[in-house]
Amino acid sequence: MDINSIKAQNRTLKRWDYNWTPLSKGYTDKILYINVGSAEIREKDVPLMMKEKFIGGKGYGLRLLWDATTPGTKWDDPENEIIISSGPIGGITQYSGTGKSLVVSLSPQTGSVMDSNVGGFFGPFLKFSGFDALELQGKAENDVIIFIDGINHKVEIFEAPEEGPDSHVLAEQLTDMFADTDNEKKNIGVVTTGSAAQHTLIGMLNFTFYDPKRKKVRMKQAGRGGIGTVFRNKKIKALVCKIPGVKGNLNNVVDLESIMERGRRFNREIRELDDKQCQMRQVGTAHLMEVMNDHDLLPTNNYQYGSHKDAFKIDSSVWKRNFTQNIPDGCWIGCNMACSKAVDDFEIKTGPYKGQKVMVDGPEYENAAGLGSNGGIFDPEYIIEANFYCDTYGICTITWGTSVAFIMECFQRGILNKERAQGFDLHFGDAAGSLELLHMVARGEGFGKIAGMGVRKMKEMFIEKGWGDTDLLFNIAMENKGLEYSQYMSKESLAQQGGYAMTNKGPQHDEAWLIFMDMVNNQIPTFENKAEALHYFPMFRTWFGLVGLCKLPWNDVEPETNAQTDEPAKVPEHVDNYVTIYKAVTGREFDKKRLIEDSERVYNFQRVFNLRRGFGTRIHDRQPYRAAGPVTKEEYESRAERYDKQLREKLGTETEGMTTEEKMKILRKYREDQYEGLLDAVYRRRGWNNNGVPTIEFLKKIEMDLPEVIEVVKNYQ
């Protein structure tokens, strides 16, 4: 069916015309509220208190979600919301990495608050259309598409029965449908998910951006926590935003010249230093593959091991050959880091799109490690194909990679077999079986229904059925708070263990990535050093999600003199860039101290939000033991020399004559005690009590002592 025929089947349910509010100092101070169940559309003002305390992005999402829900709201209740917001810096084009948005909702996987960051055009285009945030609530009766027309200043909801189910098809259809000319395609941003999102708890959202060199629609992912599942549960098929174009100073900043000066300086660093440092313009984040393998940090066989002899088959040189080079691969206009690499004209070998040639965004490091080494698969063609299908089906690749690896180990350990898996069989290294399972998930068939629940719910199901030892399942199921681990081995880095398990939403590396500081460079040797890092870096990174910034330009290209600074891990010159840019956009008095203070307020609010949901205490910061040490005999013996040395040097234990099991028991007690000591130190530094709850005194100090916040916290003091 052609585009016009598809469009003819759409039926308008509601049209709402609005008076456009131009941006001023990075804000419109307006929220677009849409209830897809009642077809209510209205504009809301941003209260001054919300703007001052919550800044934008994730902060706005958390505040709006808190107000819209109750402690008993479930993820699939109509009152649950999806909020999309960028931030005051989001959408400027004079500095790299300024196109991020944050998506916030109650998670099907964790039962608590989820935030996921994403690039692409929709977030900035929403701002240019007149709104700092989009607040989606309710459940539609049939599939709907929401169109935000930033040219004619209208919002429409219409039923959409014929548009394609999967993201790469739907994104192209909708871009063609709403672009009157080819030139207008660059002015359209689309949010979609795919067929798997409605059959699983692990669905994600794709945000499009138009690639003018390739003349194709491409996608970035808001992957974590199942927000795509919420999207489809609400019967939303897609969001579309169209604007007149991007040029000049749409944010109406206070001091454009200061932003341009810092942008020119950073662009020079990229041109001169990127090829010598991380090669982001050539391979994106995939440059990490051999780095992780060389340092025994590459997750292999469900995080059992940290390296593999075949890792060279999927290292950055392989991806460099597959990625189209010398194309400005930025997912936002003006970003010169150009790290959104892609494989062009890849011929699909399995599934519903077999035989078609497609463009595949990525793989990035997380995709290559999660889909590849963590499942014991070192086949780049499999990784590219699985990456494509995860994206178009609407499944988080990090979650999927960790889930498949867990399933594979359950087969390895006898927890699963063909009978229990409804005739399905999967073991480490099985690329064909992994792809077939992915297709089963998208169809909502057989064992695919179980795989689509995510690691925590699979673990709980296997325990309930008595299929495996409870302790073993808790130890090897790589999830915390219901969210699957992202793709770094944390066994030898106590600080990274905290950087994963102490997060508000679950083990995602966007709060703190401290492996090199801790394990390789030994820059944070004491509990106090680690606690300081686990205060600063999560707060610093939280700020990116408040203002609309991408993390990568902060430290994936560094000034040549950075190593000579007092705090090279913080990249002080770039921190100063961000302080300058924020002041130049908003006109607000600001410095690096206030940056952390702004983040502390939002970070602690999210912790209290978790408490309100029944989570957020010390027990919820518990980690699976595999994140801290060797669970099985073969794991220990694969690094026996290292572990024996640690027992001798750290504990004074004479290992000669001891069995592996005896040594494992001693090592485990030591590592678990170390983690508990880290929890104590981090909680003190963050102003929390020993149960991980912010104290009322600290909330007053950071000016987050709102009555509704104190009402929750006082029950835990």
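Every listed requirement among (1) part of a loop (DSSP other than H, G, I, E, B); (2) within 18 Å of residue 6 (Cβ to Cβ); (3) at pLDDT 95 or above is met by residue 164 save one, (3).
Within segment 380-398, residues that are free of Cβ contacts under 8 Å to residues at least 40 places away in the same chain have Cβ atoms under 7 Å from residues that are buried (at least 24 other Cβ atoms within 10 Å of the Cβ) in these pairs: 387/360; 387/362; 387/363; 387/367; 387/371; 387/397, counting only partners at least 6 apart in sequence or on another chain.
If I ask for residues that are outside any loop (DSSP other than H, G, I, E, B) and either within 26 Å of residue 199 (Cβ to Cβ) or free of Cβ contacts under 8 Å to residues at least 12 places away in the same chain (or both), which ones from segment 103-132 would you list?
Of segment 103-132, the ones outside any loop (DSSP other than H, G, I, E, B) are 103-106, 113-118, 122-128.
Scanning segment 103-132 gives 103, 104, 105, 106, 113, 114, 115, 116, 117, 118, 122.
Among all positions in segment 358-368, there is no residue which is in contact with a Lys or Arg (Cβ under 9 Å, 6 or more places away or on another chain), at pLDDT 95 or above and either crowded, with 24+ Cβ neighbours inside 10 Å or part of a loop (DSSP other than H, G, I, E, B) (or both). Which residues, taken from segment 24-72, are in contact with a Ser or Thr (Cβ under 7 Å, 6 or more places away or on another chain), surrounded by 18 or more Cβ atoms within 10 Å (Cβ to Cβ) and more than 29 Å from residue 233 (Cα to Cα)? Matches in segment 24-72: 26, 28.
All conditions in (1) at pLDDT below 95; (2) assigned to a helix (DSSP H, G or I) hold for residue 566, with the sole exception of (2). Checked against (1) assigned to a helix (DSSP H, G or I); (2) under 30 Å from residue 287 (Cβ atoms); (3) of a type outside the set (Lys, Arg), residue 448 passes all but a single condition, namely (2). From the list 275, 294, 315, pick out the single residue that is of a type outside the set (S, T, N, Q), closer than 30 Å to residue 582 by Cα and either in contact with a Lys or Arg (Cβ under 8 Å, 6 or more places away or on another chain) or in the same structural domain as residue 411 (by TED's automatic domain parsing) (or both). After applying the criteria, what remains is 275.
Looking across segment 339-353, just one residue is out of contact with any helix residue (DSSP H, G or I) (no Cβ under 8 Å at 6 or more places or on another chain) and crowded, with 20+ Cβ neighbours inside 10 Å, and that is 342. In the set 623, 606, 674, only one residue is assigned to a loop (DSSP other than H, G, I, E, B), under 20 Å from residue 512 (Cβ atoms) and of a type in the set (S, T, N, Q); that residue is 623. Restricted to segment 215-326, the set of helices (runs of 4 or more DSSP H) holding at least 2 residues that are in contact (Cβ under 8 Å) with a residue 40 or more places away in the chain and more than 21 Å from residue 363 (Cβ to Cβ) comprises 227-233, 256-273.
Tell me which residues, restricted to segment 53-81, are assigned to a helix (DSSP H, G or I) and in contact with a Gly (Cβ under 6 Å, 6 or more places away or on another chain). Steps first, answer last, please.
Restricting attention to segment 53-81, the residues satisfying the condition of being assigned to a helix (DSSP H, G or I) are 53-54, 57-68.
If the condition is that a residue be assigned to a helix (DSSP H, G or I) and in contact with a Gly (Cβ under 6 Å, 6 or more places away or on another chain), then 57, 58 are the ones that fit.
I need the full set of residues from segment 10-42 which are within 30 Å of residue 249 (Cβ to Cβ) and hydrophobic (A, V, I, L, M, F, W, C), in order please. Result: 16, 20, 23, 31, 32, 34, 41.
When you scan segment 276-298, do you find a residue that is among the basic types (Lys, Arg), over 22 Å from residue 327 (Cβ atoms) and crowded, with 17+ Cβ neighbours inside 10 Å, even just one?
Restricting attention to segment 276-298, the residues satisfying the condition of being among the basic types (Lys, Arg) are 276, 281.
This time we only want the ones that are over 22 Å from residue 327 (Cβ atoms), so: none.
No: segment 276-298 contains no residue that is among the basic types (Lys, Arg), over 22 Å from residue 327 (Cβ atoms) and crowded, with 17+ Cβ neighbours inside 10 Å.
Condition check: in a loop (DSSP other than H, G, I, E, B) and either out of contact with any Phe, Trp or Tyr (no Cβ under 6 Å at 6 or more places or on another chain) or among the β-branched types (Val, Ile, Thr) (or both). Does residue 500 satisfy that?
For residue 500, the condition - in a loop (DSSP other than H, G, I, E, B) and either out of contact with any Phe, Trp or Tyr (no Cβ under 6 Å at 6 or more places or on another chain) or among the β-branched types (Val, Ile, Thr) (or both) - is not met.
The values are calculated or read from the model by the stated rules, or taken from the named source; none is laboratory data. Please read these numbers as outputs of a predicted model, since none were measured by experiment. Counting neighbours? That spans all protein chains shown, and the Cβs are built from the backbone with ideal geometry, glycine included.
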